[in-house]
1. Quick one: among 238, 58, 263, which has the greatest mean-square fluctuation in a GNM of the chain with alpha-carbon springs under 10 angstrom?
2. Quick one: with all protein chains in place, what share of the accessible area of the chain is carbon or sulfur, to the nearest percent (1.4 Å probe)?
3. Tell me which lysines have Cα within less than 16 Å of residue 235's Cα, excluding those fewer than 8 residues away on the same chain?
4. Per residue, how much accessible area does segment 13-92 show when a 1.4 Å probe rolls over the protein heavy atoms, in square angstrom?
5. Based solely on its DSSP helices, what 222 nm [θ] is calculated for the chain when runs of n ≥ 4 H residues each add -39,500 (n - 2.57) and the sum is averaged over all residues, nearest 500 deg cm²/dmol?
6. Tell me, what is the Rg over Rh of the chain, with Rh the Kirkwood radius over Cα pairs?
7. Note the angle between two axes, namely the Cα long axis of helix 117-126 and the longest principal axis of the Cα atoms of the chain, as a number of degrees from 0 to 90, rounded to the nearest 10.
8. Between their Cα atoms, which of 97/166; 141/176; 114/141; 107/185; 192/247; 64/97 are more than 26 Å away from each other?
Amino acid sequence: GELGTLEKHLDPVHGDCTADIPCKYGCGRSFTVSSLDDHYRTCDKRPYICEYCRNFSSTYVCVKKFHYDKCPMYPVLCANGCLAMIPRQDVQKHNLKCRLLINCRYKFAGCTMKLGQSAMERHLQENTAQHLEMVEAAYQKLTIAYDRDTNKSRDEFRSRDEFRSKDEEIRRLTEKLEHSNQHCKTLARSVKSLRDEVEKLEESDDSDSDDDFPTTLPKQFVLNDFSDLWQSQEKWYSPPFYSEGYKLCLSVYPNGIGAGKHSHLSVFVNVMQGDYDDHVSWP
């Protein structure tokens, strides 16, 4: 037929063509003339330019699934928790001035790490041994300096106050190390006791095959920032868990409570209101 008749026949609005036409972008699907335009706007194989860097072009699905993972301008959330969205290439620059970065508590011993709160907690947990070595090295260095200076005439010090300041600094550090060692030993004994209790509870759960109540007792409890809790005399609660249907949690007093205050680590098991209180046995 005539060209005008063909164009009218293929018109997506007024045309009467009902044949399926393959997608021109090669996605493998076919559509009627009236549906092609809608499909071209959403086809996964349609040409697409990254809206962030404006330098990479490919198919829509390639940009979304592969390019975004390495695009230098793609916005990522600040890992320190300040909620800022930063282009991937500027993350390191942002970390240098992020308002939520904090110094490591062992900065006095030589640790130079400066991280966000969550990253700092992981840093403290993963580097306990290294931090203790830093503290010991700082203590030894200070002791050596002290011994060297005390072997000299005290007249070499510019004033009596300077000598007293060094002596007081060593005394404070010595007391801090002694307290830390005592609490570490106490914490180790408490952890062993808790592990023994967990094993007993697990054995009890295994022997009671008819018990339908849930038990969500964790394999271990992690108490972060123990030194801060001890210094602030605050208590710590574990996440709630179930044991044979009873909802429980642990409470820990780093400085002790009652007769054990300032001399022991006090640990209690607390009963909480739970979902199965109407079904479990009560004394």
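1. 58
2. On the way: 10220 of 20250 Å².
Heavy-atom surface of the chain belonging to carbon and sulfur, 1.4 Å probe: 50 percent.
3. Cross-link targets: 261.
4. Numbers: 5360 Å² over 80 residues.
Each residue of segment 13-92 exposes 67 Å² on average to a 1.4 Å probe.
5. Details: 7 runs with 111 residues, N = 283.
The helix-only estimate for the chain comes to -13000 deg cm²/dmol at 222 nm.
6. Numbers: Rg = 33.9 Å, Rh = 26.9 Å.
Answer for the chain: 1.26.
7. Between the helix axis and the principal axis of the chain, the angle is about 60 degrees.
8. Values: 97/166 35 Å; 141/176 16 Å; 114/141 24 Å; 107/185 24 Å; 192/247 22 Å; 64/97 30 Å.
Table pairs above 26 Å Cα-Cα are 97/166; 64/97.
The values are calculated or read from the model by the stated rules, or taken from the named source; none is laboratory data. What you see is a predicted model, and the numbers here were worked out from it, not measured in a lab. Ligands, DNA and RNA are stripped out before the accessible areas are found, and what is left, the full protein with its side chains, is counted by its heavy atoms. Shrake-Rupley method; radii C 1.70, N 1.55, O 1.52, S 1.80 Å.
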